[in-house]
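Written out below as structure tokens is the structure these notes cover.
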Ligand code: SF4
């Protein structure tokens, strides 16, 4: 007897479970120092309260600590005056308020700042601050994995295999360390401007393959009594992990960016191999379902311009057709080639022609100027540079932005 076919919702739920189970295999190491003290960063409010109860304190201590850790940005218990001195000493005995180590910090002539952060097991990721050219604000681009499982063909991180997922503490920690670097503590309140005003989850890794840690980190960052960054100021970029896009929309409802890069499945299969699993039609359907999408909060489609591959007028028209009904904006990214890279960047003419067709159909399609080139701020470059210095025979740097 033939089995009845499972319905798509069940299939999607099964696929989500599979993705979450796989993510757990690449878990970060425990958040405990060799001396046994535990890092409090990255704990949810409930977990923080449980830690207080475990050392014989009242759960309300968690609220006080939350304020000092996430609103004031204090890392030293002795600088938390609302907590009694004896309690401060007890906390210092059992806990730390951690930050990733800064291996490299470089600031570009255009103001872009890039860090290589090292974690307790000496794994490293990159974080970049990209200031707005006109206003005193800017976005911090955060990494979510060490390496990446998806070998997008234009991206250097894709050539570094996945080492592990980052924990919530390591994800929040990148933003907190970036704010340390600009001395942006306490958290500006009452709508006063913030220099580090936005987060784009667009650094190393595919965030939806590390969903639980990313979600926990974002809940901490959005908490009103701490860093208090609105979901409207957070954008998660995915290569198109369709079953997780629904979950992300339902639970976090942050802004969405999609690394599209091609409008035909045969070409996207090649450039973004994840397309073989979740083809363009399924990806666009997931975008249509995404709850945060509205005219005020458009979905950003990233599109790297590759000469003779995805940059024709027909491609631009097909893109317009695919976007129909989606509140969308298209970022056109001129490809930044490296020696031996499989692609060349599109001509200026081709990029402008493409942009015009998309614009005339009613979608904003800015052409992205490369930022921070003098400090190799493109995805994957700086880490490669620092590795190359240690190991001169390692492969040459070959990066391109837009995870
Ligand atoms: S573009 Fe993003 S998802 Fe693709 S390989 Fe690079 S880091 Fe991974």
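Throughout, read-outs are computed from the coordinates displayed, never taken from laboratory work. Computed from a predicted structure; not experimentally measured. Note that we place each Cβ from the backbone using ideal geometry, even for glycine, and neighbour counts take in every protein chain shown.
Things worth noting here:
- Normalised by the number of residues in the chain, the average gap of Cα pairs under 8 Å and 6 or more apart makes the relative contact order 15 percent.
- Across segment 185-313, Cα pairs under 8 Å and at least six residues apart give a relative contact order of 22 percent.
- Rounded FRET efficiency, nearest 0.05, which uses the C-beta distance separating residue 231 from residue 22 and R0 of 25 Å: 0.40
- Rg to Rh, two decimals, where segment 54-110 supplies the alpha carbon set and Rh follows Kirkwood: 1.14
- Segment residue 266-residue 184, length gained on full extension (0.36 nm per residue, minus Cα span): 24.9 nm
- Pair residue 47, residue 102: separation of 7 Å Cα→Cβ label points (nm): 2.6
- Modelled spin-label separation between residue 285 and residue 94, with each label point placed 7 Å from Cα along the Cα-to-Cβ direction: 5.1 nm.
- Per-peptide average of other Cβ atoms within 10 Å, ordering 137-147, 249-259, 271-281 highest first: 137-147, 249-259, 271-281
- Within the chain, antiparallel bridges make up roughly 45 percent of the DSSP beta bridges whose residues both belong there.
- The residue 75 and residue 163 beta-carbon pair, evaluated with R₀ = 30 Å, returns a calculated FRET efficiency of approximately 0.70.
- Computed E for residue 314/residue 60 - FRET, C-beta separation, R0 45 angstrom, nearest 0.05: 0.10
- Each stretch of four or more DSSP H residues adds -39500 (n - 2.57); spread over every residue of the chain, this sum gives -10000 deg cm²/dmol at 222 nm.
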